[in-house]
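Remarks on the structure that follows.
Values quoted throughout were computed directly from the atomic coordinates according to the rules given, and no laboratory measurement underlies them. Since the structure is predicted, the reported quantities are computational estimates derived from the model, not experimental observations. Virtual Cβ from ideal backbone geometry, glycine too; neighbours counted across all protein chains shown.
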Amino acid sequence: MENSLVDYISKNNYVKTAAKAAAVSLTASLVYYAIKEPKEDNWNRKDFKKIPGPSGYPFVGHMLSMGFTPSFQIEKWHEQYGPIVHINMGAQQWVIFNDPVLAHDLFVRNATKASDRRRHKFTNGMYSKGGRGIAFSQPGKKLKHTRAIALSILSPKYVDRYLGVLENIASCTVELMKQETDRDGSVFPMPFIQMATFSAMIKSIFARPLHLDNDPVVKEIIYIMENELKFAGPAGDLGSFFPNFAWANSLFQKKKKMEALVARRDELYKMLIKDALNSEEDCLVKQAYQMKEEYGLDDNDLIVMMSDMTSAGGDTTAISLSWLFAVLPHHPAVQKKICDEIDRFFAKFNRLPTFSDRDEFPYMCAVLRENIRFRSVTTFGIPHFTSEDIELQGYFIPKGTVVACSMYAMHMNPDVYHDPKQFIPERFMGHTKTWSASANGPIDERDMYSFGWGRRICPGIYFAEVEEFNLCIHTLSRYTVEPALDSDGYPVYPDLKHASSTSVVFAPAKYNVRLVEREDSPLKKQT
Ligand code: HEM
């Protein structure tokens, strides 16, 4: 299978485009600074503490200082400047946080002022058709309604109807990875996992029949999502980060390319929605359609909403699971403990567990929690935008600032986690709440922050946890995850120190592993 996600986030591409932007920008910055109006300096108000931050370059700010892996550079900035840091991304002012309490004060206590999204040409304007759907829409009645529908159809009550389907997807995916191991000696899990997580979304949202080995619709959705994502960051949308370079978007025909992608997306989703409504099977889009009238939404709202859920849900969960498959070969003792839990369950009930048996798996649940802490999927989540001035613990954050959580730095913050660089599942033993329950609980009971904050907190947390639980069970009930072997038979462990990263996601660099049959698998004994 092709590794299209990793191809997309190739560092070279990002850096080359950013370097081009910098060269053009530096020239124009002279003109820009010469003619711009002097403004009151909101960042140095007397009576407020100055928000510290590294010094940046003129015009491009800190955009080129982030290096190949922004998450690592951001962590260094927090180590140097503390829990709240001010940086410039081109013409945009950003304030970033690695302290959960400060983030909670901002995103939850000041939710009415800190829950907007910045209006970007391609994401807000074109992808979401001027702010429809969920992820790029602005707070207001419509977002309240679309979020209410998403929260309802992604609630445990609804998702539990699809537990069997999700288990089947996990089990088939593991077998496909095993076949690839047998054929090629090892497997790169990401494309298989990505096919599984997108298929899980497509099956449960649209009731589409599954073809996990090669589904053209799932491939088309992944293609569209990856290409749309290219327009989300600074390299893809110069005009939103450097307003006087909006012309560069036309020069590279970006608007046309995005229009073509959106048209392709709309056609596909219209077909999927139509087929789903005509199908005999229950599915999430049918539930959403029933609520559509009540909430005053039209077909375009539903298209963007379903596209949001598929893209936001498919890619993030795939990256998180891909980290899990990279981490496990480094920790055979961790795998052994999970296998013991599965075997004990099997001996008691003579079947594999479903997510409703989660309480029987305290150690495995701690491993999954530690995995998502240890490698936190996104660089900043989806950044928020302040709609009013905010006073926060003696700091002043002006209206019109991008505010974001530094995901990696927060989860590596030694004031929050003991020995944060180590993979220690035991730190979460006794944390028995589902991810969804603890993420939505009070701040002193939150134990990880990968799903964001307040009014914009991820609505798909439960769905993601079910998928991760299933893939872990279906893998370790039969196999262990071992490092690939080089031509001399020596193990080659997945690289955990580097990431294939952009300003949007934080994914592992490409690696291979082997699924090796467990001699003592309870399933083997049964056959
Ligand atoms: C490990 C998996 C996942 C991670 C790490 C993750 C993380 C996030 C984060 C950080 C945000 C931004 C929250 C904020 O703005 O404060 C978000 C938003 C969102 N997520 Fe997830 N997510 C995951 C899985 C899912 C799934 C499975 C779905 C759907 C089934 C989903 C649907 C969404 C949607 C629709 C939004 C936009 C919410 C809004 O803007 O109001 N996510 N997610």
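Structural remarks
- Condition met for residue 353 (assigned to a loop (DSSP other than H, G, I, E, B) and away from the ligand (no atom under 14 Å from the Cβ)): yes
- If you filter segment 304-346 down to residues that are among the acidic types (Asp, Glu) and out of contact with any Ser or Thr (no Cβ under 9 Å at 6 or more places or on another chain), you find that the one that is farthest from residue 262 (Cα to Cα) is 340.
- All of 175, 180 fail the test of being of a type in the set (D, E, K, R) and crowded, with 19+ Cβ neighbours inside 10 Å, apart from 180.
- Flag for residue 396 being closer than 30 Å to residue 335 by Cβ and away from the ligand (no atom under 14 Å from the Cβ): no
- Those residues of segment 447-488 which are in a loop (DSSP other than H, G, I, E, B), more than 14 Å from the ligand (Cβ to nearest atom) and in contact with a helix residue (DSSP H, G or I) (Cβ under 8 Å, 6 or more places away or on another chain), in sequence order: 447, 477, 478
- Residue check, residue 322 within 16 Å of the ligand (Cβ to nearest atom), at negative phi and out of contact with any Leu (no Cβ under 6 Å at 6 or more places or on another chain): yes
- Within segment 325-346, tally of residues that are touching a helix residue (DSSP H, G or I) at 6+ places or on another chain (Cβ under 7 Å) and away from the ligand (no atom under 16 Å from the Cβ): 11
- Residue satisfying all of: in segment 196-212; within 17 Å of residue 314 (Cβ to Cβ) and without any contact (Cβ under 8 Å) to a residue 40 or more places away in the chain; surrounded by the most Cβ atoms within 10 Å (Cβ to Cβ) among these: 199
- The condition of being surrounded by 17 or more Cβ atoms within 10 Å (Cβ to Cβ) and out of contact with any Phe, Trp or Tyr (no Cβ under 9 Å at 6 or more places or on another chain) holds for only one of 475, 480, that being 480.
- Filter pass, residue 318 being exposed (fewer than 15 other Cβ atoms within 10 Å of the Cβ), out of contact with any Cys (no Cβ under 9 Å at 6 or more places or on another chain) and part of a helix (DSSP H, G or I): no
- The listed residue being under 18 Å from the mean Cα position of the chain (by Cα) and more than 14 Å from the ligand (Cβ to nearest atom), out of 409, 404: 409
- Annotation note: of 139, 189, 100, 156, the sole residue that is within 23 Å of residue 464 (Cβ to Cβ), under 22 Å from the mean Cα position of the chain (by Cα) and surrounded by fewer than 21 Cβ atoms within 10 Å (Cβ to Cβ) is 156.
- Considering residues of segment 413-445 that are part of a loop (DSSP other than H, G, I, E, B) and within 16 Å of the ligand (Cβ to nearest atom) only, the residue nearest to residue 504 (Cα to Cα): 440
- When residues of segment 283-314 are limited to those that are crowded, with 17+ Cβ neighbours inside 10 Å and outside any helix (DSSP H, G or I), the one farthest from the ligand (Cβ to nearest atom): 297
- Qualifying position, being touching a Lys or Arg at 6+ places or on another chain (Cβ under 8 Å), closer than 27 Å to residue 75 by Cα and in contact (Cβ under 8 Å) with a residue 60 or more places away in the chain, among 327, 377: 327
- Verdict on residue 385 being farther than 27 Å from residue 422 by Cβ and more than 26 Å from the chain's Cα centre (by Cα): no
- Inside segment 42-74, residues that are within 28 Å of the chain's Cα centre (by Cα), among the polar types (S, T, N, Q) and part of a loop (DSSP other than H, G, I, E, B) make up a count of 1.
- Any hit, segment 477-491, residues being out of contact with any strand residue (DSSP E or B) (no Cβ under 8 Å at 6 or more places or on another chain) and in contact (Cβ under 8 Å) with a residue 40 or more places away in the chain: yes
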